[in-house]
Amino acid sequence: MPLFDLVIRNGRVATGSDEFLADIGIKDGHITALGEIPSKGTREIDATDKLVLPGGVDAHCHLDQPSGDGIKMADDFVTGPRSAAFGGTTTILPFACQEKGQSLRAAVTDYHARAAGKSVIDFAFHLIVTDPTAQVIGQELPALIRDGYTSFKIYMTYDDLKLNDRQILDVLDLARREDALTMIHAENADCISWLTDKLVQEGHTAPKYHAQARPPLVEREATQRAIALAELIDVPMLVVHVSGPEAIEQIRNAQSRGLKIFGETCPQYLFMTMDDLDLDGFEGAKHICSPPPRDASSQKQVWNALLNDTLKIFSSDHAPFRYEGGDGKKHAGELASFEHVPNGIPGLETRLPLLFSEGVVSGRMSLNRFVRLTATNPAKLYGLYPRKGTIAIGSDADLAIWDPQKEVTIRNEDLHHAVDYTPYEGRIVTGWPETVLSRGEIIIQDGHLHAASGRGEFLRCAAPMTADL
């Protein structure tokens, strides 16, 4: 009887801290041996000249999330996880969003029903808290945290999602008591509303004006205010999708004062600029997201923040709205004002190859940093480490075998999401995951899916490991 179900041989293994040549022995979905393995496995993979990395952990994505007004996300829990897997991601953390007036527990039940029997990879849920009533704060949220939903997102903008400062304090206080993590979308809602009204009154409604309605200072002010609220409560907090130096400065300052303030950024802030919103006709709507992409100088500052540990996590913020049709970007028509265009862009499948190519291959960052940003740090921050996010004895055998020399031109027709465009169309990247394993099962190989929908498991998260970041 073979000791291993699968042995991966001769690969260059990289974790968040180490890099070495080794074989990997896998049994019952877990890594059970690392090093030179003389015994045969039931199945073997030769990874000579390849990199063996932990499967990516995408800690910020939206799937099948109701938006109202006839707007519908293109990706559900079949197409989204499938696309993630083809891009080397083996764990995703989408959101269970509470609607105002709704029980938070009811929202979680609804999202489990949406996900049931669909995902090809493992997943956990963040919560989105939009209505922190006494019952939610006093009963529902503490119970859900104990059930493994240890992170939740709150908004400082969007009328149907935002909380006021007092409500934010209530949520942060609860997070401190229950050892959970609060994620915050930091933009000043009143400034955005005022600027939007001014722009629309002046007839400035094209997609490019979305960026003018959300200038860097509205992110800077909200980030500073959110940090002050977290400091008042003395609780860790993550600022999501940081777009430029103004917010980065606030986060860095807090960190220098010993506060546990973490930052996340996304591909759009490294590979897009506000000029992408100023395309012919309505094409700029494809690039509308919040915060919007900034300028080339801001891109450099975001890269620097990834390299100096100000920003700890690199997520996709996958928000999949189709361009064509009446349920996505054009739901209000091709001449609709920018404020009626759904915010968000797709990115689950392209997240890792983009950063690998422009980070590792270009020489900007080490392979170890790439692993930390895309797998290890999110697994730690959301209570999934060391089961996920690393290559170690006892960890789940979630692995991506990369060809670091493979050159790929990104084309939407080759991607596996259900969105009808990618903002990275035509971009050439070097390095792509060729074989992907989830809990020891080969799910992607030779450009094909080899696993059935529904094999992915729901993950209950432990407390965040903020001391290790």
Original post:
Filter region 262-294 for residues that are over 19 Å from VAL218 (Cα atoms) and of a type in the set (A, V, I, L, M); which is farthest from the chain's Cα centre (by Cα)?
Top reply: LEU279
Subject >> Number of the exception - PRO81 against (1) at pLDDT 95 or above; (2) more than 19 Å from LEU354 (Cα to Cα); (3) open to solvent by less than 40 Å² (accessible area, probe 1.4 Å) >> reply: (2)
Subject >> Search result, residues across region 435-463 that are open to solvent by 20 Å² or more (accessible area, probe 1.4 Å) and of a type outside the set (Gly, Ala, Ser) >> reply: ARG439, GLU441, GLN445, ASP446, HIS448, LEU449, HIS450, ARG455, GLU457, PHE458, ARG460
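When the residues of region 154-171 are narrowed to those that are open to solvent by 70 Å² or more (accessible area, probe 1.4 Å) and modelled with pLDDT of 95 or more, which ends up nearest to PRO342 (Cα to Cα)? Working first, answer last.
Step one: list which residues in region 154-171 are open to solvent by 70 Å² or more (accessible area, probe 1.4 Å), which gives 159-160, 164, 166.
Checking which are modelled with pLDDT of 95 or more leaves us with 164, 166.
Working: ASN164: 23, ARG166: 28 Å.
Here the residue is ASN164.
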Original post:
Does any residue of region 31-49 turn out to be polar (S, T, N, Q), within 25 Å of THR374 (Cα to Cα) and either crowded, with 18+ Cβ neighbours inside 10 Å or within 29 Å of the chain's Cα centre (by Cα) (or both)?
Top reply: yes
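Would you list the helices (runs of 4 or more DSSP H) that sit entirely within region 318-434 and hold 3 or more residues that are farther than 21 Å from ASP58 by Cβ and open to solvent by 10 Å² or more (accessible area, probe 1.4 Å)? Reasoning before the result, please.
On the way: elements: 351-355, 367-371, 377-381.
Helices (runs of 4 or more DSSP H) meeting the threshold: none at all.
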**OP:** Just give me the residues in region 229-250 being closer than 24 Å to LEU169 by Cβ and either without any contact (Cβ under 8 Å) to a residue 60 or more places away in the chain or of a type outside the set (A, V, I, L, M, F, W, C) (or both), in sequence order.
**Re:** ALA230, GLU231, ASP234, PRO236, VAL239, HIS241, GLU246, GLU249, GLN250
Original post:
Which one of these does VAL171 not meet: (1) farther than 24 Å from LEU381 by Cα; (2) touching a residue at least 24 places away in the same chain (Cβ under 8 Å); (3) part of a helix (DSSP H, G or I)?
Top reply: (1)
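Take region 435-451 and flag every residue that is part of a loop (DSSP other than H, G, I, E, B) and hydroxyl-bearing (Ser, Thr, Tyr). Give the derivation first.
In the first step, residues of region 435-451 are kept if they are part of a loop (DSSP other than H, G, I, E, B); the result is 439-440, 446-447, 450-451.
Listed by number, the list is empty, since nothing qualifies.
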**OP:** Would you check which residues across region 229-273 are of a type in the set (Gly, Ala, Ser) and touching an Asp or Glu at 6+ places or on another chain (Cβ under 9 Å) and list them?
**Re:** SER243, GLY244, ALA247, ALA254
Original post:
Being buried (at least 24 other Cβ atoms within 10 Å of the Cβ), without any contact (Cβ under 8 Å) to a residue 40 or more places away in the chain and of a type in the set (Phe, Trp, Tyr), is that true of even one residue in region 139-153?
Top reply: yes
Subject >> Index of the failed condition, THR91 passing every other in (1) in contact (Cβ under 8 Å) with a residue 60 or more places away in the chain; (2) assigned to a helix (DSSP H, G or I); (3) under 22 Å from ALA319 (Cα atoms); (4) open to solvent by less than 10 Å² (accessible area, probe 1.4 Å) >> reply: (2)
Original post:
From the list THR350, THR310, which residue is under 18 Å from the mean Cα position of the chain (by Cα) and over 24 Å from VAL408 (Cα atoms)?
Top reply: THR310
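Condition first: at pLDDT 95 or above, open to solvent by 70 Å² or more (accessible area, probe 1.4 Å) and either more than 30 Å from SER151 (Cβ to Cβ) or outside any helix (DSSP H, G or I) (or both). Can you find one or more residues in region 181-192 that meet it? Show your work before the answer.
Residues of region 181-192 at pLDDT 95 or above: 181-192.
Going one step further and asking which of them are open to solvent by 70 Å² or more (accessible area, probe 1.4 Å), we end up with 190.
Narrowing the set further to residues that are either more than 30 Å from SER151 (Cβ to Cβ) or outside any helix (DSSP H, G or I) (or both) leaves none.
Looking for residues that are at pLDDT 95 or above, open to solvent by 70 Å² or more (accessible area, probe 1.4 Å) and either more than 30 Å from SER151 (Cβ to Cβ) or outside any helix (DSSP H, G or I) (or both), one finds none in region 181-192, hence no.
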**OP:** Return the residue satisfying two criteria in turn: it lies in region 114-138 and is surrounded by fewer than 24 Cβ atoms within 10 Å (Cβ to Cβ) and β-branched (Val, Ile, Thr), and of such residues it is nearest to ASP398 (Cα to Cα).
**Re:** ILE128
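Yes or no, residue by residue, for (1) closer than 30 Å to LYS330 by Cβ; (2) over 21 Å from the mean Cα position of the chain (by Cα); (3) not hydroxyl-bearing (Ser, Thr, Tyr):
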{"site": "LEU354", "(1), (2), (3)": "yes, no, yes"}
{"site": "PHE370", "(1), (2), (3)": "no, no, yes"}
{"site": "THR374", "(1), (2), (3)": "no, no, no"}
{"site": "ASN377", "(1), (2), (3)": "no, no, yes"}
{"site": "ARG387", "(1), (2), (3)": "no, no, yes"}
{"site": "ILE393", "(1), (2), (3)": "no, yes, yes"}
{"site": "ASP403", "(1), (2), (3)": "no, yes, yes"}
{"site": "TYR424", "(1), (2), (3)": "yes, no, no"}
{"site": "PRO433", "(1), (2), (3)": "no, no, yes"}
Subject >> Checklist (1) in a loop (DSSP other than H, G, I, E, B); (2) among the charged types (D, E, K, R); (3) open to solvent by less than 10 Å² (accessible area, probe 1.4 Å) applied to GLU264, failing item >> reply: (1)
**OP:** Could you check, for region 53-64, whether at least one of its residues is in contact with an Asp or Glu (Cβ under 7 Å, 6 or more places away or on another chain), surrounded by fewer than 24 Cβ atoms within 10 Å (Cβ to Cβ), more than 26 Å from ASP446 (Cα to Cα) and not aliphatic (A, V, I, L, M)?
**Re:** yes
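The values are calculated or read from the model by the stated rules, or taken from the named source; none is laboratory data. Remember, predicted model here, so these are calculated numbers, not experimental data. For neighbour counting, all protein chains shown are included, and Cβ atoms are generated from backbone atoms with ideal geometry for every residue, glycine included. For accessibility, only protein heavy atoms count, side chains too; no ligands or nucleic acids. Shrake-Rupley method; radii C 1.70, N 1.55, O 1.52, S 1.80 Å.
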